[in-house]
1. Kindly establish whether residue 101 is more than 16 Å from the ligand (Cβ to nearest atom), at pLDDT 95 or above and in a loop (DSSP other than H, G, I, E, B).
2. Of all strands (runs of 3 or more DSSP E) completely enclosed by the range 317-401, which ones contain at least 3 residues that are under 21 Å from residue 28 (Cα atoms)?
3. Given 41, 30, which one is part of a helix (DSSP H, G or I) and at pLDDT 95 or above?
4. Pull out all pairs, ordered by first then second residue, where Cβ-Cβ is under 7 Å, the residues are six or more apart or on different chains, the first lies in the range 176-193 and is on the phi > 0 side of the Ramachandran plot, and the second is part of a loop (DSSP other than H, G, I, E, B) and within 16 Å of the ligand (Cβ to nearest atom).
5. So, in the range 188-227, exactly how many residues are under 24 Å from residue 248 (Cβ atoms), within 14 Å of the ligand (Cβ to nearest atom) and not in a helix (DSSP H, G or I)?
6. Please find, among 313, 358, the residue that is buried (at least 17 other Cβ atoms within 10 Å of the Cβ) and either in contact with a helix residue (DSSP H, G or I) (Cβ under 9 Å, 6 or more places away or on another chain) or at pLDDT 95 or above (or both).
7. Would you pick out the residues in the range 129-168 that are in contact with a strand residue (DSSP E or B) (Cβ under 6 Å, 6 or more places away or on another chain), within 28 Å of residue 298 (Cα to Cα) and at pLDDT below 95?
8. Which residue pairs have Cβ atoms closer than 9 Å, lie 6 or more positions apart in sequence or on different chains, and pair a first residue in the range 408-426 that is farther than 13 Å from residue 384 by Cβ with a second residue that is surrounded by fewer than 18 Cβ atoms within 10 Å (Cβ to Cβ)?
Ligand SMILES: [Zn+2]
């Protein structure tokens, strides 16, 4: 099978510590990468994730990034429609340098495709909470939503005008002012909540979990009414369901036990509660509209730059994603499943199902890129097996996650797995595009 791309991500601190030549040369030498991208707007997350120490960083053992900083220069003139402005790093070794231009310069010398990622969260959550609490996603009782992990906490609502204009400006400015081929994003959509404690990964546990998510903020209310929804009825009905999921009263607890242990399908639940379906549909329509805005902002800046959506949860539909609805507003999708890093071969089946789910929805005119986990508990065997499995899924490219936590042995295993799976790179595809 032929693919168009082998991509790899780099963080600004990888480049600062190891040097851009060293990072890029390693990736080319060990696994024939023909595409690199900078995680240019990064959320708050320890690096390397879940490993204690970096395997090949000569200057530090680990790094704790600031919340949602931009690591390349932006033009504030593009942000006049929103009070939210890009925030930059205060770290001495990172500030005052444009890390995207640093990567672009060397990647171009090497004839690589080059891109940038706008990651999960785009604005410092502490500043948002202090200065603009109205932009945070709220549950049906008006409380900010969020998960247990720091990156899930206090998520911005894409239906708030400040946030929408800020997102549009981020994409427009990045594409307008940088010589990139693609802009990738795994921007958090509506918080998907958390599945009920249920031993099985079943639909009812997942769909009820969205009740922990958002959004019921004022901006969502205004938009829902404009779209023709009976927002007051939706809020009224959803409070009852929220009470069950959060076990507000003992009777709610009893109902939840029966829901958890009975075999009602999500279909049955939604038929019983049309408001629940309407709320899920409203979120999805909002996300599709957001993607349209992002896509138009990118193409207004440069029609040749590709928009790549990068998934971040097992069931993107729980965050408002309808892949069939956004297929006209993306050029490619990166399925970010990193099952390899579990070290469990059986998990590769989950990866396969996620890929096929997206392919059906986006069709064959859009490129589908499969992530390959090369960090944590991924060993060389599982990486090779994963590549052999991917060889049978009709993907258009692979994308490694992530160089910072990858041993060189694992990077070599990617190349070996491609050989064993007979995956070949279309060498000139990207060069002819430029
Ligand atoms: Zn909202």
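1. Values: more than 16 Å from the ligand (Cβ to nearest atom): yes; at pLDDT 95 or above: yes; in a loop (DSSP other than H, G, I, E, B): no.
Judged against the criteria, residue 101 is not a match.
2. Values: elements: 332-335, 367-373, 397-401.
Filter on the range 317-401 gives 367-373, 397-401.
3. Numbers: 41 fails: part of a helix (DSSP H, G or I).
On inspection, the qualifying residue turns out to be 30.
4. Within 7 Å, the pairs are 193/213.
5. 7
6. Working: 313 fails: buried (at least 17 other Cβ atoms within 10 Å of the Cβ).
Going through 313, 358 in turn, the sole match is 358.
7. Scanning the range 129-168 gives a single hit, 154.
8. 408/55; 408/56; 424/1; 424/2; 425/2; 425/32; 426/2
The values are calculated or read from the model by the stated rules, or taken from the named source; none is laboratory data. Here the structure is a predicted model, which is why all the values come from computation and not from measurement. Quick reminder, even Gly has a Cβ in these numbers, built from the backbone with ideal geometry, and neighbours come from all protein chains shown.
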